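Please read the structure below before turning to the comments.
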Amino acid sequence: MTRLRPWFILLALGSALHAEPLAPRPLISSTLVQLGDYGLSPTHLRWGEVQLASAAVLVAVALQQEDVTLTQWISTGDARKPWLDRVMPRVSQAGEGWVEASLCAVAWGLGGQRLSDTSAQALQALAIAGVYTQTLKYVAWSNRPSQDLSQHRYFAYDQGSMGMPSGHAFSAFAMAEVYGDEYSRWISYPFALLIAYSRLYNQAHWS
């Protein structure tokens with residue numbers, strides 16, 4: 001089984017660790033600048049950030065060695081509960097890009113100055129996350145557990161679905177970082193983690 005190169009993981013981590021303030025309004029020009037900065041962000045990591053990102057990559061690679069076992073346990077094993085079967089699909093729906101963008105747009109238009117500016121940045125983050133999610137999906141072209149729960153395959157361009165990375169998780173953590181930086185990560189990150197877990201539970205992505 002071909003393993004995903006750690007660069008994909010480092011790219012996502014680097015953007016969050018080396019986050020810079022975005023423009024106060026989601027202007028196209030500002031978003032395009034941020035779009036380029038995001039791809040270069042791993043090359044701008046400071047030493048402390050490199051250590052943290054390296055540790056995270058090692059953990060992610062180690063977990064990938066057991067991704068089939070973990071995914072089977074989450075999606076079909078003892079982790080399944082009747083009440084979670086009802087709740088997790090709704091949690092995933094909350095992570096849909098159009099739902100997140102709609103909430104950000106409402107907060108941008110109706111909120112006070114602080115919430116408005118933060119929501120504008122979140123809209124930019126969602127747009128950037130969407131572009132990189134689709135790009136990485138085409139590069140990695142990973143299957144989904146719902147297609148074949150027995151193995152996790154990358155670069156299998158003959159299959160009809162692209163499962164890596166999770167668009168729900170990518171956008172959820174993009175929003176969590178923006179709102180968390182302004183308000184509280186202790187509030188925003190648990191919501192992002194819940195959405196990411198729901199994607200595993202619903203057999204849409206691997207662990």
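Of all residues in region 145-169, those being within 16 Å of the chain's Cα centre (by Cα) and either farther than 20 Å from Ser75 by Cβ or in contact (Cβ under 8 Å) with a residue 60 or more places away in the chain (or both) number 5. Restrict the check to region 122-138 and report whether at least one residue is on the phi < 0 side of the Ramachandran plot, of a type in the set (D, E, K, R) and modelled with pLDDT of 85 or more. Scanning region 122-138, I find at least one residue that is on the phi < 0 side of the Ramachandran plot, of a type in the set (D, E, K, R) and modelled with pLDDT of 85 or more, so the answer is yes. Would you say Ala169 is at pLDDT below 85 and open to solvent by less than 30 Å² (accessible area, probe 1.4 Å)? No, not satisfied.
Contact map, region 69-82: residues that are modelled with pLDDT of 80 or more paired with residues that are assigned to a helix (DSSP H, G or I), Cβ distance under 6 Å, separation 6+ or inter-chain. Pairs shown: Ile74/Leu200; Ile74/Tyr201; Ala79/Trp73. State all residues of region 162-203 that are in contact with a helix residue (DSSP H, G or I) (Cβ under 8 Å, 6 or more places away or on another chain) and of a type in the set (S, T, N, Q); if no residue qualifies, say none. The answer is Ser166, Ser171, Ser188, Ser198, Asn202, Gln203. The residue that is farthest from Ala176 (Cα to Cα), counting only those in region 133-155 that are of a type in the set (A, V, I, L, M) and open to solvent by 10 Å² or more (accessible area, probe 1.4 Å), is Leu149. Residue pairs whose Cβ atoms lie under 8 Å apart, separated by 6 or more positions or on different chains, with the first residue in region 29-52 and over 13 Å from Gln124 (Cβ atoms) and the second at pLDDT 70 or above and not hydrophobic (A, V, I, L, M, F, W, C), are Gly39/Tyr132. Filtering region 63-105 to residues that are farther than 20 Å from Phe173 by Cβ, small (Gly, Ala, Ser) and in a helix (DSSP H, G or I) leaves only Ser75. Screening the candidates Gly77, Gly130, Gly111 for the property of being open to solvent by 20 Å² or more (accessible area, probe 1.4 Å) and under 19 Å from Pro165 (Cβ atoms) yields one hit, Gly130. Residues that are without any contact (Cβ under 8 Å) to a residue 60 or more places away in the chain and either among the basic types (Lys, Arg) or open to solvent by less than 50 Å² (accessible area, probe 1.4 Å) (or both) within region 83-108 comprise Arg86, Arg90, Val99, Ala101, Ala105, Ala107, listed in sequence order.
Evaluate the following for Ser116: is it among the small types (Gly, Ala, Ser), open to solvent by 50 Å² or more (accessible area, probe 1.4 Å) and over 17 Å from the mean Cα position of the chain (by Cα)?
no
Of all residues in region 191-207, exactly one satisfies the criterion of being among the small types (Gly, Ala, Ser) and out of contact with any Ser or Thr (no Cβ under 8 Å at 6 or more places or on another chain), namely Ala192.
The values are calculated or read from the model by the stated rules, or taken from the named source; none is laboratory data. Values in this document were obtained by computation on a predicted structure and should not be read as measured data. Ideal geometry is used to build each Cβ from the backbone, glycine not excepted, and the neighbour counts take in all protein chains shown. The accessibility values were calculated without ligands, DNA or RNA, using every heavy atom of the protein model including side chains. Shrake-Rupley method; radii C 1.70, N 1.55, O 1.52, S 1.80 Å.
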